[in-house]
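This report refers to the structure that appears directly beneath it.
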Amino acid sequence: FCLDKIYIKKFLNSFDINRLLFFAEKNSIGYRAVIDIFPVISKIFFWEYFGKNFFTHPENLVLICIGLQNKTIEETKNELSLKNFVVISILKKVVVKFLNILSF
């Protein structure tokens, strides 16, 4: 992977990374506190900085809906025929993978 901590600072600051950590690992904040970061993660992924098979197909779909098309959780849930908690769970998996590649 050609993504590193120095490069990621062009897109996200330490406050953004901390919000992602609290969302994914500590469950202390809700998805609304990090929803603005998903367009950045989506763009980085679809520019192929992670590699083509980094995320699963459902994770790709949720990233496209929320990150690139700016759809809400509700719209994404309806479009993909999923439940709210499933969409949020997929978002958490995306964040965990993203943070793991950055070794946070």
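The values are calculated or read from the model by the stated rules, or taken from the named source; none is laboratory data. This structure is a prediction, so every number in the text was calculated from the model and none was measured. Note that we place each Cβ from the backbone using ideal geometry, even for glycine, and neighbour counts take in every protein chain shown. Note: areas computed on protein heavy atoms with side chains; ligands, DNA, RNA excluded. Shrake-Rupley method; radii C 1.70, N 1.55, O 1.52, S 1.80 Å.
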Net charge dipole size for the chain [Lys, Arg +1 and Asp, Glu -1 on Cβ; Debye, nearest 20]: 180 debye
Per DSSP, the loop-located trypsin sites (Lys or Arg not before Pro) within segment 15-104 having at most 12 other beta carbons within 10 Å are LYS26, LYS52, LYS83
State the dimensionless ratio Rg/Rh of segment 32-85 (Rg: radius of gyration of Cα atoms; Rh: Kirkwood radius). 0.97
Return the Rg/Rh ratio of segment 55-104 with Cα-based radii and a Kirkwood Rh. 0.99
Give the ranking of SER81, SER42 by solvent-accessible surface, highest area first, calculated with a 1.4 Å probe. SER81, SER42
Here P(r) for the chain, Cα-Cα distances in 10 Å bins, as whole percents, is 15, 53, 30, 3
Mean Kyte-Doolittle hydropathy of -0.5 or higher plus an axial Cα length of 18 Å or more: which whole DSSP H helices in the chain meet both? 84-102
On a full-extension model of 0.36 nm per residue, what is the gain between THR56 and LYS83, subtracting their alpha-carbon distance, rounded to one decimal in nm? 7.9 nm
The chain, Gaussian network, Cα under 10 Å: of PHE15, PHE23, PHE54, the residue fluctuating most is PHE15
